[in-house]
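Readers should treat all values here as calculations from the given coordinates under stated rules, not as data from a laboratory. Predicted model, so just to flag it, every value in this text is computed and none were measured. Note that we place each Cβ from the backbone using ideal geometry, even for glycine, and neighbour counts take in every protein chain shown.
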Amino acid sequence: MNFLIITHVNHIHKDDQYFGYGPYIGEMNIWLKYVNKVTIVAPLKNGNISPIDLSYQCDNIDFRNVPDFSFTSLKSRIISIYKLPIIFWNIYMAMRKADHIHLRCPGNMGLIACFVQILFPNKIKTAKYAGNWDPNSKQPWTYRLQKYLLKNTFLTKKMTVLVYGDWKNQSRNIKSFFTATYSDSEKEIIDKSFVNLYFKLLFVGSLVDGKRPLYAIKLIEGLIKKGYNVILDLYGDGLEKKNLENYIQTNNLEKYIFLKGNQNRETLKNAYKESNFVVLPSKSEGWPKAIAEGMFWGCVPIATKVSCVPSMLDFGNRGIMLEMNLDIDLNQIAKIIENEGTFTKKSKLALNWSQKYTSDIFEKEIKALLQV
């Protein structure tokens, strides 16, 4: 099978291998177990491989480098006009030779591919929509356009669209899905009893405005002012790093808040095991891996009410749903810190729910989609 992937993820070529963002590559490697050739249409960049990057595990890779593009400014729009014909042609030619077409959405490459795939109504296709599928959410017009094309069964034929969450009134090609990091063999019963002198909170994600890491820091700052012994580790990197460093220093929080940068899978796994809470005050999510991963190791999740997060947290029964009001959210967290029984109950419920979604189950679902 010639399996085609079209994605906006930036790749790096080194030592005859193609590297990219670890969570995405890790998932795709499960798909690639059941194909003998993969064609990848994606941007290729120069740069260094970071600790969170992984390589594809496939011996037969045909990589089609295409230019990245965006419509965020007038200049970028003008430049994109010249790039689009090249991208269209590369995607079209790759689809002609593919046995199975797989789109990664939402993203700029996914948007173009959503149009081109209409020309191949008889080819089997899948699309992974990794963003927020909530029909009522506010999203960029390019995201809304991709969603319209993907769920339009007149334009889009033989396509299974994998989305996060269960939503009403969906077209027949929409399939509620999930993602997974850990296997059945990694399951452990984690005891999160109050044995430490402090409570550890964990933030895992890009240090960008959309993830709102500063709000996580302000939560810790507020808890400290209330007299609670808490610390926060932030794993990730991004444009907001310098601003966060300045805020931590200005407010004398160096003893309580630590920027750990990008780290590999095992380091994060140990961090989850050692933490009491995992916090993600994100503006938008699909299936927040950091929340699901933290819950797998018994962390009580603290997250915003976006996408399928309320369902993941059972509407607050196995976590805390942020109101994005500092006083209200601080009181919610304080109540759990003060009550070991409530914390333990939520921790166990979080663990039991998340450990149902293992990579073993995920692989079975992928195998069925590939019809192998």
Rounded to the nearest 10, the angle in degrees between the Cα long axis of helix 241-250 and the longest principal axis of the Cα atoms of the chain comes to 10 degrees
How many angstrom separate the Cα center of segment 96-111 from the Cα center of segment 345-369?
-> 26 Å
Does anyone have the angle between helix 359-370 and the longest principal axis of the chain? Alpha-carbon axes, 0 to 90°, nearest 10?
-> 20 degrees
Semi-axes of the chain from the Cα gyration tensor (sqrt of 5 times each eigenvalue, largest first, whole Å) come to 37, 22, 20
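Using a Förster distance of 45 Å, how high is the FRET efficiency between ILE49 and PHE315, based on the Cβ-Cβ distance and rounded to 0.05? It would help to have the intermediate numbers written out before the result.
On the way: r = 40 Å, r/R0 = 0.90.
Taking R0 as 45 Å, the efficiency between ILE49 and PHE315 is 0.65.
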Kindly list the residues of segment 36-75 that lie in the label zone of TRP141, defined by a backbone N under 17 Å from the point 7 Å along the Cα-to-C-beta vector.
-> 70-75
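Take every Cα pair under 8 Å in the chain that's 6+ residues apart, average their separations, divide by the length, and report that relative contact order as a whole percent. Can you show the working numbers first?
Numbers: 690 pairs, mean separation 52.7, N = 372.
After rounding, I find 14 percent.
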What does the charge count near ASP68 come to, summing +1 for each Lys or Arg and -1 for each Asp or Glu among other residues with Cβ under 9 Å from its Cβ?
-> +2
Taking the chain as a Gaussian network, Cα atoms linked when under 10 Å apart, which of VAL116, VAL204, VAL41 shows the biggest mean-square fluctuation?
-> VAL116
With each label point set 7 Å from Cα along the Cα-Cβ vector, what nm distance links LEU239 and LEU155?
-> 2.9 nm
Helix 326-337 axis, angle to the chain major axis (alpha carbon atoms, nearest 10°) | 70 degrees
Give, in nm to one decimal, the length gained when the segment between SER171 and LEU326 is fully stretched (0.36 nm per residue of separation minus the Cα-Cα distance).
-> 51.9 nm
Gain on full stretching of the segment that runs from ASN270 to VAL208 - 0.36 nm per residue minus C-alpha separation | 19.9 nm
For PHE115 and ASN246, what does the FRET efficiency come to when R0 = 51 Å and r is the distance between their Cβ atoms, rounded to the nearest 0.05?
-> 0.70
Listed residues THR181, THR358, THR267, most fluctuating in the chain (Gaussian network, C-alpha, under 10 Å) = THR267
Centroid-to-centroid separation of segment 121-177 and segment 1-57 [C-alpha atoms, Å] = 23 Å
Could you please report the charge total around SER176, scoring K, R as +1 and D, E as -1 over all other residues with beta-carbon less than 12 angstrom from its beta-carbon?
-> 0
Shape category assigned to segment 261-344 from the gyration tensor of Cα positions, a/c cut at 1.5 | oblate
What full-extension length gain, to one decimal in nm, is calculated for LYS345 and ASP16 as 0.36 nm per residue of separation minus the Cα-Cα distance?
-> 113.6 nm
What 222 nm value per residue comes from the helices of the chain, counting each DSSP H run with n ≥ 4 as -39,500 (n - 2.57) and dividing by all residues, nearest 500 deg cm²/dmol?
-> -11500 deg cm²/dmol
Within the set LYS260/LYS283; LYS125/LYS346; LYS225/LYS305; LYS123/LYS151, which residue pairs have Cα atoms separated by over 28 Å?
-> LYS125/LYS346
